[in-house]
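Reading through the structure tokens given below for one structure.
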Amino acid sequence: MHASQIQSLILARLVRSSGGTRQHWRRAIGEIRVYSMKTHPHCNWDVYAAGNAADVKAVNAAVDEIRMDHPHITG
């Protein structure tokens, strides 16, 4: 799985669970950061959510759920 695919999964989950537009949530998610498996063996990607407190909470919840199924991705 690639970073762009993870972003699509997060977007779909947020639109379905929280409403709003894909554009709004894409800004809230920002860039998917991918790290080396050598330094991050448990999970090699992360998201630094932006926006108001409700947006950040929703993004972090979606990321936590998706990370359980997809802990490792490629750039």
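The values are calculated or read from the model by the stated rules, or taken from the named source; none is laboratory data. Remember, predicted model here, so these are calculated numbers, not experimental data. Cβ: placed from backbone, ideal geometry, glycine included. Neighbour counts: every protein chain shown. Calculation scope for accessible area: heavy atoms of the full protein, side chains included, ligands and nucleic acids excluded. Shrake-Rupley method; radii C 1.70, N 1.55, O 1.52, S 1.80 Å.
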Query raised in the report: Residue farthest toward the positive end of the dipole of the chain, with Cβ of Lys/Arg at +1 and Asp/Glu at -1: which of Gln23, Ser36, His70?
Result: Gln23
Query - Trp45 long-range amide H proximity, modeled H, under 5 Å - result: Tyr35
Report summary line: Computed about the Cα centre, the charge dipole of the chain from +1 Lys/Arg and -1 Asp/Glu charges at the Cβ has a magnitude in debye, to the nearest 20, of 160
Query raised in the report: In the full protein assembly as shown, how much of Asp64 is accessible to a 1.4 Å probe, in Å² to the nearest 10?
Result: 90
Report summary line: Summing +1 per Lys or Arg and -1 per Asp or Glu among the other residues with Cβ less than 12 Å from Tyr48's Cβ gives -1
Query raised in the report: Looking at the chain, do any whole DSSP H helices span at least 15 angstrom along their long axis by alpha carbon and average -0.5 or above on Kyte-Doolittle, and which?
Result: 3-18, 53-69
Report task. Could you work out the Kirkwood radius for the chain, taking every pair of different alpha carbons, averaging 1/r and inverting it, reported in Å? Result -> 12.3
Report task. Just reorder Glu65, Glu31 by solvent-accessible area, largest first, 1.4 Å probe, all chains present. Result -> Glu31, Glu65
